[in-house]
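Step one of this worksheet: look at the structure below.
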Amino acid sequence: MNVYDSARMADVLAPLGYVTVDTPDGADMVIMNTCHIRERAEEKVFSALGRLRDLKVAGGNRMMIAVTGCVAQAEGEVILERAPYVDLVVGPQAYHRLPELIARAHRTQKSVLDTDFPADQKFDFLPAAAAPQGVIANLTIQEGCDKFCSFCVVPYTRGAETSRPAASILAEARRMVLSGAREIALLGQNVNAYHGEGPDGGTWTLARLLRELEKIPNLHRLRYTTSHPGDMTEELMVAHRDNPALMPFLHLPVQSGSDKILAAMNRKHKADDFRRIIARLRDLRPDIAFTSDFIVGQPGETEQDFQATMALVRETGFALAYSFNYSPRPGTPAAALPQIPDDVKNARLYELQAELRRQQDEFNLSTVGLTTPVLFTGAGRKPGQIAGRTIYAQPINIQHPTPLAGEIHHVKITHANPNSLLGILQKQESLAA
Ligand code: SAM
Ligand code: SF4
C-alpha cells in the first residue's frame, strides 16, 4: 500500500512541477513514506533521516524533507523533536493536502504537521493516477480497519475502515489497463471487508466488484490483499471458482493456531474457522495455493500455544508465509501486558521459519516440470533474460530476445531457485495480450 500511496503522492505533486528522481542527492524534496507495523520499521526511519539530514546540510539546507505514512501518523510530534530538520510530517489520510502543506512550510519557514483524519475523503481529492505502474499494478480499494486486533496499530494509524466507491475504482482500473496494466492487485488493510457504494446505489461487496472488474477488456489477472478470515464470505470463496481472472493464490493471515491466543489477539475467529475456509476454497478451486502471516510471542503464548501454530502450518501447507516476532506497539492493548522474553520469541520464530521455508521450497519444487501461463513484465535481471509472474505470483525468468511485456505465454518451469523460477517458453502464441 505504501508503494501505491507513494505513486499517488507523485501524482499530486506533478502539477507543481515535481518529478521523481532515482536518488536523493540534489533533490528539491525527499518524501520518506514509512511503516509503523513493527518497531524495527520505525527505527529504520530515524536512521535514514539522519542520512538525509547530512545531504540537506551539504546542499545548503535547500532540500525539503517530508515524513509520511504511519510513523508520521503515530509519532508526528516525536519526529519533529528528534529530527527538527524535517519540514513536513503528513499522515496517510492527508496526502491530497500535500501541495497546500508544502506551500505553508515554504511560507512560514517552519515545520508543518498534518496528522488529522479529515472529514473529506482523500480519494475524492487525489488526481487521476498519472504515472503508469507497469504490467502489474496496485489499486487501493479500502483503507483502515475497525477490527482492533490487540497487537495491531493499523486502526490507530490508518483510521476507521473506509471503502472507495466502486465507480471510482472501476475508472481507475480502466485507466491502469489503458496505460499497460494486465494484472491488478486490489489493496486494503482488510480488503475482503470491502463494502463500497455501487453505481446502482447499493452496497457492493468485494465479490461483486471483482465480477465487474473482470469485464474490463485486457485485464487478465486479479488478486486482492490482505484479507481477514472473518470476512471470507461464501460469495467471495465462490468467486474463486467462477471468476477466471481471479488467480488461484490467496493471502489469508491466520497469525496463530491456538484458539486461546487468537482470542487474546481479538481475532474473532478460531483455528478451525481458518481450516474450514482453506478446505472450502480447495474444494472450489483445487489448484489454489495459500500464503499467510504469523506472529510468535503474543503476550500469553505458551509453548503449547506455539505448537498449535506449528501443527496448523504443517497440516495446511503454505506456498509462502510471512512470520514475525510480536512487536509491542505503543497504545495497543497487548503492549501493556507482560511480554514474552526475546530469546523465547527468537527460538520459536526460528522453528516456524524453518518449517515455512521448507514448505516454500517444496511448493516451488512441485511446480518444476509444469507448463503454466506466465504474464511477462519486461527485462529480467540477467542479460538476455525476460521476467514474468506465474499464476502463483512466483517471479520467473526465461531466455528470450524480446521483452513480451504485457503478454501471457505458456512456459515450462525447469528450475526452482529459493525466490524465483527459471523456465522455457513453450510456444510463442500469446494466450492473451
Ligand atoms: N489485516 C490483516 C489481518 O487481519 O491479518 C493484517 C494486516 S497487518 C497490516 C500485516 C501483518 O503485520 C499482520 O498480518 C501481522 O502478522 C503483522 N503485524 C501486525 N502487527 C504486528 C505486531 N505488533 N508485531 C508483529 N507483527 C505484526
Ligand atoms: Fe490489524 Fe488486520 Fe487486525 Fe485490522 S484485522 S487490526 S489490520 S491485523
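The values are calculated or read from the model by the stated rules, or taken from the named source; none is laboratory data. Keep in mind that what you see is a predicted model, and the values were worked out from it rather than measured. Using ideal geometry, Cβ is built from the backbone for each residue, glycine included, and neighbour counts are taken over all protein chains shown.
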Problem - R62 being more than 16 Å from ligand 1 (Cβ to nearest atom) and not in a loop (DSSP other than H, G, I, E, B) - result: no
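Answer yes or no as to whether D361 is among the acidic types (D, E) and away from ligand 2 (no atom under 16 Å from the Cβ).
Yes; evaluated as a whole, the condition is true for this residue.
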Exercise for the section: Within the range 331-352, identify whether any single residue is within 16 Å of ligand 2 (Cβ to nearest atom), of a type outside the set (F, W, Y) and in contact with a Cys (Cβ under 8 Å, 6 or more places away or on another chain), and answer yes or no. Expected result: yes
Handout entry: Residue list for the range 148-162, restricted to those being of a type outside the set (A, V, I, L, M) and at pLDDT below 95
Key = P155, Y156, T157, R158, G159, E161, T162
Handout entry: Positions within the range 183-195 being buried (at least 22 other Cβ atoms within 10 Å of the Cβ) and either touching a strand residue (DSSP E or B) at 6+ places or on another chain (Cβ under 6 Å) or aromatic (F, W, Y) (or both), in sequence order
Key = E183, I184, L186, G188, V191, Y194
Practice task
Being under 18 Å from the mean Cα position of the chain (by Cα) and closer than 19 Å to A393 by Cα is the filter here, so list the residues in the range 211-234 that pass it.
Solution key: R221, L222, R223, Y224, T225, T226, S227
Practice task
List every residue pair whose Cβ atoms lie under 7 Å apart, where the two residues are 6 or more positions apart in sequence or sit on different chains, the first residue falls within the range 143-167 and is under 22 Å from G297 (Cα atoms), and the second residue, located anywhere, is more than 8 Å from ligand 2 (Cβ to nearest atom) and among the aromatic types (F, W, Y).
Solution key: F151/Y326
Exercise for the section: Tell me, yes or no, whether the range 271-281 has at least one residue that is assigned to a loop (DSSP other than H, G, I, E, B), charged (D, E, K, R) and within 16 Å of ligand 2 (Cβ to nearest atom). Expected result: no
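Just give me the residues in the range 244-261 being more than 12 Å from ligand 1 (Cβ to nearest atom), in contact with an Asp or Glu (Cβ under 9 Å, 6 or more places away or on another chain) and outside any helix (DSSP H, G or I), in sequence order.
P244, A245, L246, M247, P248, G257, S258
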Handout entry: Among the candidates A264, A289, residue that is under 15 Å from F318 (Cβ atoms), touching a residue at least 12 places away in the same chain (Cβ under 8 Å) and either over 22 Å from the mean Cα position of the chain (by Cα) or away from ligand 1 (no atom under 16 Å from the Cβ) (or both)
Key = A289
Problem - Wholly within the range 140-243, strands (runs of 3 or more DSSP E) carrying at least 1 residues that are in contact with a His (Cβ under 9 Å, 6 or more places away or on another chain) - result: 183-187, 203-205, 221-225
Practice task
Could you tell me whether any residue of the range 337-355 is among the polar types (S, T, N, Q), in contact (Cβ under 8 Å) with a residue 24 or more places away in the chain and more than 22 Å from A416 (Cα to Cα)?
Solution key: yes
Practice task
Read through the list (1) of a type in the set (V, I, T); (2) over 25 Å from the mean Cα position of the chain (by Cα); (3) within 12 Å of ligand 1 (Cβ to nearest atom), then give the number of the only condition that V368 fails.
Solution key: (3)
Completion exercise
Pairs returned, first residue in the range 312-327 that is closer than 8 Å to S292 by Cβ, second residue that is small (G, A, S), beta-carbon separation under 6 angstrom, 6 or more apart or interchain, are F318/S292; A321/S292
Practice task
For residues that are out of contact with any Cys (no Cβ under 8 Å at 6 or more places or on another chain) and surrounded by fewer than 17 Cβ atoms within 10 Å (Cβ to Cβ), tally how many sit in the range 262-272.
Solution key: 4
Completion exercise
When (1) farther than 17 Å from F290 by Cα; (2) at pLDDT 95 or above; (3) among the small types (G, A, S) are applied to G380, the one that fails is (2)
